Amino acid sequence: QKEVEQDPGPLSVPEGAIVSLNCTYSNSAFQYFMWYRQYSRKGPELLMYTYSSGNKEDGRFTAQVDKSSKYISLFIRDSQPSDSATYLCAMQNTGTASKLTFGTGTRLQVTL
Amino acid sequence: KAGVTQTPRYLIKTRGQQVTLSCSPISGHRSVSWYQQTPGQGLQFLFEYFSETQRNKGNFPGRFSGRQFSNSRSEMNVSTLELGDSALYLCASSLATHTDTQYFGPGTRLTVL
C-alpha cells in the first residue's frame, strides 16, 4: 500500500465549476502538506503549503488538512481552462530532510 | 532570478549503457533533490544533496548515484540502464532547511531502448 493515495482521474469539469481534489495518507509523522501543479512537459510548481491541520486560502485555491482523518484537500473555485493540469499532493515529515512523498497525481481538464 | 535548469532535456539510451544528468539549482540554493517520475509510480524521491553531502536517500538500487559540486550544481548517474529506468528525472532545489519550498526544474526525459 502506498503511503499517499490520490485518485488519478481524469477529472473533467466545465469552466466556472468548483473542483475538489483529495489525498489520503497513512504515515502519521507527516507534518507538512503541499499541492503542486504540473503542466504537460513541465516540472511541478508549488501551489499551496500547509503545516499541520487547518485551512489555507490563496486566491481561488483553498487547501485543507485534517490530520485526525489523514486526509487533505485542494479546492479550486471558478475553475478556468488554464487550470487544466495534473495536481500532485506531497507530504513531508521533519525527520527526513527535504524528502517529499507524492501522490500519483490527478489529471484535471476544465472545458469551455 | 533564473529557475532550476536541467540538461539535457531529452535522452535516448540503450540497455546496459550509463547516463549522467545535470542540474543547476537556483542561485543561492544549497539543497538539491532528485526525483523519478513514471506513469505507474508517480514521483519518487531518489536522493538529496546539501553542501556536497548526501543528506537523504530513497529506495533505489545502487545503480543510481549522485553528487554535488561546491557551486551546488548536481549530477546524477544511472549505470547499467534497464528498460524500467525510462522516466522523467526531476531535480528540485531549495535554500537549506527541510521546510524551505522546493522548486522543480523541467526535467530530463530518459528513454531506454
Residue among B:Val19, B:Val32 that alone is surrounded by 12 or more Cβ atoms within 10 Å (Cβ to Cβ) and more than 19 Å from A:Gln92 (Cα to Cα): B:Val19
Applying the selection to segment A:98-112, what residues are assigned to a strand (DSSP E or B) and either among the acidic types (Asp, Glu) or under 13 Å from the mean Cα position of the chain (by Cα) (or both)? A:Thr101, A:Phe102, A:Thr106, A:Arg107, A:Leu108
Only one of (1) assigned to a loop (DSSP other than H, G, I, E, B); (2) within 23 Å of B:Gln36 (Cα to Cα) fails for A:Asp78. Which number is that? (2)
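Identify, please: which residue in segment B:66-98 is hydroxyl-bearing (Ser, Thr, Tyr) and open to solvent by less than 50 Å² (accessible area, probe 1.4 Å) and is, among those, modelled with the lowest pLDDT? So that I can check it myself, show each step before the final result.
First, the residues of segment B:66-98 that are hydroxyl-bearing (Ser, Thr, Tyr): B:70, B:72, B:74, B:79-80, B:86, B:89, B:93-94, B:97.
After this cut, where a residue has to be open to solvent by less than 50 Å² (accessible area, probe 1.4 Å) as well, the list is B:72, B:74, B:79, B:86, B:89, B:93-94.
Working: B:Ser72: 95, B:Ser74: 98, B:Ser79: 95, B:Ser86: 97, B:Tyr89: 98, B:Ser93: 93, B:Ser94: 90.
Filtering first and then ranking leaves B:Ser94.
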Which numbered condition A:Gln31 fails, given (1) within 13 Å of chain B (Cβ to nearest Cβ); (2) under 30 Å from B:Tyr10 (Cα atoms): (2)
With (1) at pLDDT below 95; (2) closer than 20 Å to B:Pro39 by Cβ as the list, and A:Tyr36 as the residue in question, which single condition is left unmet? (1)
Is there any pair with a first residue in segment A:98-110 that is within 11 Å of chain B (Cβ to nearest Cβ) and a second that is among the charged types (D, E, K, R) and buried (at least 21 other Cβ atoms within 10 Å of the Cβ) whose Cβ atoms are under 8 Å apart and which are 6 or more apart or on different chains, and what are they? A:Ser98/B:Glu48; A:Lys99/B:Glu48
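Residue by residue through segment B:1-15, note down the ones that are modelled with pLDDT under 95 and surrounded by 12 or more Cβ atoms within 10 Å (Cβ to Cβ). Walk me through it before giving the result.
Step one: of segment B:1-15, the residues modelled with pLDDT under 95 are B:1-3.
If the condition is that a residue be modelled with pLDDT under 95 and surrounded by 12 or more Cβ atoms within 10 Å (Cβ to Cβ), then B:Gly3 is the only one that fits.
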Sort out which residues of segment A:21-68 are surrounded by fewer than 13 Cβ atoms within 10 Å (Cβ to Cβ), over 18 Å from A:Thr101 (Cβ atoms) and not basic (Lys, Arg), and write them in order of number. A:Tyr39, A:Ser40, A:Gly54, A:Asn55, A:Glu57, A:Asp58, A:Gly59, A:Ser68
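How about segment A:51-75: which of its residues are farther than 18 Å from A:Glu5 by Cβ and part of a strand (DSSP E or B)?
Hits for segment A:51-75 are A:Tyr51, A:Gly54, A:Asn55, A:Lys56, A:Glu57, A:Asp58, A:Phe61, A:Thr62, A:Phe75.
Among A:Gly43, A:Gly59, A:Gly54, which is more than 14 Å from chain B (Cβ to nearest Cβ) and at pLDDT below 95?
Working: A:Gly43 fails: more than 14 Å from chain B (Cβ to nearest Cβ); A:Gly59 fails: at pLDDT below 95.
Sole residue among the options that is more than 14 Å from chain B (Cβ to nearest Cβ) and at pLDDT below 95: A:Gly54.
Return yes when A:Tyr25 is closer than 21 Å to B:Trp34 by Cβ and hydroxyl-bearing (Ser, Thr, Tyr) and no when it is not. Spell out how you get there, then give the answer.
Working: closer than 21 Å to B:Trp34 by Cβ: no; hydroxyl-bearing (Ser, Thr, Tyr): yes.
Here the answer is no, as A:Tyr25 does not meet what is asked.
Within the bounds of segment A:2-20, is there any residue that is of a type in the set (Lys, Arg) and either under 19 Å from A:Lys99 (Cβ atoms) or within 13 Å of chain B (Cβ to nearest Cβ) (or both)? So that I can check it myself, show each step before the final result.
Step one: of segment A:2-20, the residues of a type in the set (Lys, Arg) are A:2.
Among the residues that remain, those that are also either under 19 Å from A:Lys99 (Cβ atoms) or within 13 Å of chain B (Cβ to nearest Cβ) (or both) are: A:2.
Checked against the condition, which is being of a type in the set (Lys, Arg) and either under 19 Å from A:Lys99 (Cβ atoms) or within 13 Å of chain B (Cβ to nearest Cβ) (or both), segment A:2-20 yields at least one hit.
Looking only at segment B:37-79, which residues are more than 14 Å from chain A (Cβ to nearest Cβ) and among the polar types (S, T, N, Q)?
Going residue by residue through segment B:37-79, those that are more than 14 Å from chain A (Cβ to nearest Cβ) are B:52, B:61-65, B:67, B:69-71, B:73, B:75-79.
B:Ser65, B:Ser70, B:Asn71, B:Asn77, B:Ser79 - these are the residues of segment B:37-79 that are more than 14 Å from chain A (Cβ to nearest Cβ) and among the polar types (S, T, N, Q).
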I'd like to check something: does segment A:76-94 contain any residue that is within 21 Å of B:Gly3 (Cβ to Cβ), at pLDDT 95 or above and surrounded by fewer than 17 Cβ atoms within 10 Å (Cβ to Cβ)? yes
Residues of segment B:80-110 satisfying the condition of being part of a strand (DSSP E or B) and more than 9 Å from chain A (Cβ to nearest Cβ): B:Ala87, B:Tyr89, B:Ser93, B:Thr108, B:Leu110
Within segment A:90-97, can one find any residue that is of a type in the set (Gly, Ala, Ser), more than 12 Å from every other protein chain (Cβ to nearest Cβ) and either outside any loop (DSSP other than H, G, I, E, B) or within 27 Å of B:Ala87 (Cα to Cα) (or both)? no
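The values are calculated or read from the model by the stated rules, or taken from the named source; none is laboratory data. Remember, predicted model here, so these are calculated numbers, not experimental data. Note that each Cβ is placed from the backbone with ideal geometry, even for glycine, and that neighbours are counted across all protein chains shown. Quick note on the areas: whole protein, heavy atoms, side chains included, nothing else; ligands and nucleic acids left out. Shrake-Rupley method; radii C 1.70, N 1.55, O 1.52, S 1.80 Å.
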